[in-house]
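Novice: I have a structure I would like to understand better, so I am pasting it below and will then ask my questions one at a time.
The values are calculated or read from the model by the stated rules, or taken from the named source; none is laboratory data. Given the structure is predicted, the values throughout are model-derived calculations rather than measurements. So basically every Cβ, Gly included, is an ideal-geometry build from the backbone, and we count neighbours across all protein chains shown.
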Amino acid sequence: MEESKLYMARVQVVEAMEQGLPWHEAAKRAGLPISQSTVYRLRQRMRKAGEQALREGRHGHPIKLRGEVRKFLEETCRQVPHTPSHEIQTHLAERFSLTVSVSQINRVRATLGVSNPPQSAKKK
């Protein structure tokens, strides 16, 4: 759900509960498939800090491997498919001043279909 629609639905749920509707009815009217505990937490947050508290506040981890960086990773892996991920990690740090874990590089490589096969697979 889009952030602004999610925010409005949260406000609608809390306002409906404040008017006396049970939590499940309020969530159903707003079109939010959320649990009872989540609804009560939203209401508590709104009571403490107002409607602004219902905005999504997650920060998470930014997506690092996109755009030019992702293109570089893919091209490098297609040209030299047996390049170890720790070497790619070094290249990304030098070229883009970007710190990326080897596990993240491996996940993206797998998604792109350019994984580096394990040593046992190379010998066969």
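Novice: Among 83, 76, 90, which is the only one that is assigned to a loop (DSSP other than H, G, I, E, B), among the β-branched types (Val, Ile, Thr) and either in contact with a Phe, Trp or Tyr (Cβ under 7 Å, 6 or more places away or on another chain) or in the same structural domain as residue 107 (by TED's automatic domain parsing) (or both)? It would help to see each step written out before you state the result.
Specialist: Values: 76 fails: assigned to a loop (DSSP other than H, G, I, E, B); 90 fails: assigned to a loop (DSSP other than H, G, I, E, B).
83 is the lone residue from the list that is assigned to a loop (DSSP other than H, G, I, E, B), among the β-branched types (Val, Ile, Thr) and either in contact with a Phe, Trp or Tyr (Cβ under 7 Å, 6 or more places away or on another chain) or in the same structural domain as residue 107 (by TED's automatic domain parsing) (or both).
Novice: Which is loosely packed, with under 15 Cβ neighbours inside 10 Å, touching a residue at least 24 places away in the same chain (Cβ under 8 Å) and not assigned by TED's automatic domain parsing to the domain that holds residue 112, of 25, 18? Spell out the reasoning first.
Specialist: Values: 25 fails: touching a residue at least 24 places away in the same chain (Cβ under 8 Å).
After ruling out the rest, the residue left standing is 18.
Novice: Exactly one condition in (1) at pLDDT below 90; (2) part of a loop (DSSP other than H, G, I, E, B) is not met by residue 33; state its number.
Specialist: Tallying (1) at pLDDT below 90; (2) part of a loop (DSSP other than H, G, I, E, B), residue 33 fails exactly one: (1).
Novice: If a residue has to be within 25 Å of the chain's Cα centre (by Cα) and touching a residue at least 40 places away in the same chain (Cβ under 8 Å) to count, how many in region 74-106 make the cut?
Specialist: 3
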